[in-house]
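Note sheet for the following structure.
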2 protein chains.
Amino acid sequence: MIRYRHVALIGLGLIASSIAHAIRRTGEPVRITGYARTAGTRAEAARLGIAEIRDSAAEAVAGADLVILCVPVGAMGDVAEAVAPHLAPGATLSDVGSVKGAVIAAVGPHVPEGVHFIPGHPLAGTEHSGPGAGFASLFDNRWCLLTPPPDVDPAALADLSAFWTALGARVDVMEPDHHDTVLAVTSHVPHLIAYTMVGVAEHLRRVTEQEVINYSAAGFRDFTRIAASDPTMWRDVFLANKEATLDVLGRFTEELFALQRAIRLGDGPHLHDYFTRTRAIRRGIIEAGQDTAAPDFGRAAAKD
Amino acid sequence: MIRYRHVALIGLGLIASSIAHAIRRTGEPVRITGYARTAGTRAEAARLGIAEIRDSAAEAVAGADLVILCVPVGAMGDVAEAVAPHLAPGATLSDVGSVKGAVIAAVGPHVPEGVHFIPGHPLAGTEHSGPGAGFASLFDNRWCLLTPPPDVDPAALADLSAFWTALGARVDVMEPDHHDTVLAVTSHVPHLIAYTMVGVAEHLRRVTEQEVINYSAAGFRDFTRIAASDPTMWRDVFLANKEATLDVLGRFTEELFALQRAIRLGDGPHLHDYFTRTRAIRRGIIEAGQDTAAPDFGRAAAKD
């Protein structure tokens, strides 16, 4: 059940538009206002009926009991500064940024007395972006991680948890630093690696682009899907989660060099042992309901 | 149209069983015999009706006009040696190995006079293995690359091309060395990187396994799917395609270090430019029909 009666969305991309669609799917009488910096985005969101579009962030948040900042991590501080004086007393301010430490540092100082600041991160997305990319089921069965301050008001936290549950998500609460480490492993570094691999392919002169494209077997094709994600969002993620990203990258390079050495030396048992162990984590993910065992590999389209 | 009347499959895993299903789907009167080294695999294949199962590779190939070696790359030489004396004159010998130079070196010397040796590689697979993992549509719209010797008999090559086309695949012909470089970029190194990333996650003590599993956002989840592929097959691929794999890995590490440096120095424009360029290759793959633009990310299961 949604306890808010007016939700304001600042930024109107994939996540914000999906929030709007998911709120509407609940059938509850929630007013949705919104603002995006770019006039074209505002016009598209208005045309799609995502929200009541306002001409400024200040106007969009006026009277809202929940304000969600849905902009790239690097823009959170400026947006928070712009909306802070216009937040209603007792309102909750949240966000959907992929990094929590940097967002708390950028937004926290602007939050006025009497407003509950509860940062959040729905672990959901696609490689598409913009108001037209959103859909109501994006958060179904996905986790939304909340990283409230130690002195958070329990009622405000319960309301925000109930909100994300109503949108289909599963909610968990954790420390911001721990969140940033977990996400560096499960999302940030994998994205960086996928970007890198696609960049390597682009540069290889012996392999023409058409061949890379035509013969993209499962491995590379999955990488390109990841590497097609929004460049601005990801630039900000890496700059904002620098410490954890560099730490995990260091461990990754160590492991990769060990495997590279095994290949160079022809050490088959080392490779076989390593590849056998990684299968277990995959089984865990399927059992946890975060993916399907179906051997689709994007095959649905091939059958069309 | 399939011009063979008797196809022998040596090895009865995912690819061989999919070939059998796909042959049957054509409705043509093709006899299929098969052999696998492990008794359990032979029993399972017999129970599933994949093929007429024989007790030796020699018996399985007797009288066949097409013999396809469907074993890991490292086993090709031994299997070729075992079947060579029993191949019918005029028969075609092929394989499905992911590396072509090493397979040609291992199999070539055993091929008797009068047998057409035409190596092949269908670019299709899933992370599952064994006779029960096969399905008839595995090759639909996928490429099958053939790497025949320069003096190949044109009629034999045409027959094998027609065979794969009848199974749903698109056929292309290329030099073995070129094949191995293209596949190092589009498949082998991406798999190695996925294995590495999943291994890193397993070792990170600050992140419990359950958290890695629960919070596997799109990036890591796609990696674990790739990293769940058959360990024996992949060990052999890296050992057999050592030179191209190490070459592409070197380029990958260079690129990764450049991005790592940009993160450390806070160079946002470098990151944004890089991430923008990788989007173009993704668009090319969708346009080439090798994947779908649908934002599924394994979401089908989540809706169940």
Using the alpha-carbon atoms, what tilt in degrees (0 to 90, nearest 10) does helix B:39-48 show relative to the longest principal axis of chain B? 80
If amide H atoms are built 1.01 Å from N in the plane of the peptide, which residues on other chains or at least 5 residues away come under 5 Å of the amide H of A:TRP143? A:LEU123, A:ARG170
Dipole magnitude (debye, nearest 20) for chain A, charges at Cβ of Lys, Arg, Asp, Glu: 880
Could you pull out every residue, at least 5 positions away or on a different chain, whose amide H is within less than 5 Å of the one on B:GLY97? Hs are placed 1.01 Å off N in the peptide plane, and Pro or chain starts have none. B:GLY120
Which whole number gives the average, over all residues in A:244-256, of C-beta atoms from other chains lying within 10 Å of the residue C-beta? 5
What does the structure give for A:257-270 when I average, per residue, the other chain Cβ atoms found within 10 Å of the residue Cβ? 4
Using only Cα atoms, locate the centre of the stretch B:65-134 and the centre of the stretch A:67-125, then give the distance between them in Å, rounded to an integer. 60
Restricting to chain B, what percent of DSSP beta bridges are antiparallel, rounded to 5? 10
Which trypsin sites (Lys or Arg not before Pro) in the stretch B:82-179 sit in a loop by DSSP (not H, G, I, E or B) and have at most 15 other Cβ atoms within 10 Å of their own Cβ? none
Round to the nearest 10 and give me the degree value, 0 to 90, for the angle of helix A:14-26's Cα axis relative to the longest principal axis of chain A. 60
Leading residue at positive end of dipole, chain A (Cβ point charges), from A:VAL198, A:HIS121, A:SER18: A:VAL198
Tell me, what ³J(HN,Hα) does each residue in the stretch A:221-233 have, in order and in whole Hz, if you take phi through Karplus 6.51 cos²θ - 1.76 cosθ + 1.60 with θ = phi - 60° and put x for Gly and Pro? 4, 5, 5, 5, 4, 4, 6, 9, 5, 4, x, 5, 4
The ³J(HN,Hα) series, computed from each phi in the stretch B:95-101 with the Karplus coefficients 6.51, -1.76 and 1.60 at θ = phi - 60°, rounded to the nearest Hz and given as x for glycine or proline, is 8, 10, x, 7, 10, 10, x
For chain B, what is Rg from Cα atoms divided by 2.2 N^0.38 Å, rounded to two decimals? 1.10
With chain B treated as a Gaussian network of Cα nodes joined by springs under 10 Å, which of B:MET174, B:MET76, B:MET233 yields the largest mean-square fluctuation? B:MET174
On C-alpha positions alone, give me the angle between the axis of helix B:242-265 and the longest principal axis of chain B, in degrees, nearest 10. 10
Which value, in nm² and rounded to one decimal, describes the direction-averaged projected area of the C-alpha convex hull of the protein assembly as shown? 27.1
A from B by rotation - nearest chain B beta carbon to the axis, in Å: B:ASP222, 2
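Only the coordinates and a few stated rules stand behind these numbers; no lab work does. Only a predicted model underlies this, so the values are computations on that prediction, with no experimental measurement involved. With ideal geometry, Cβ positions are generated from the backbone for all residues, glycine too; neighbour counts draw on all protein chains shown.
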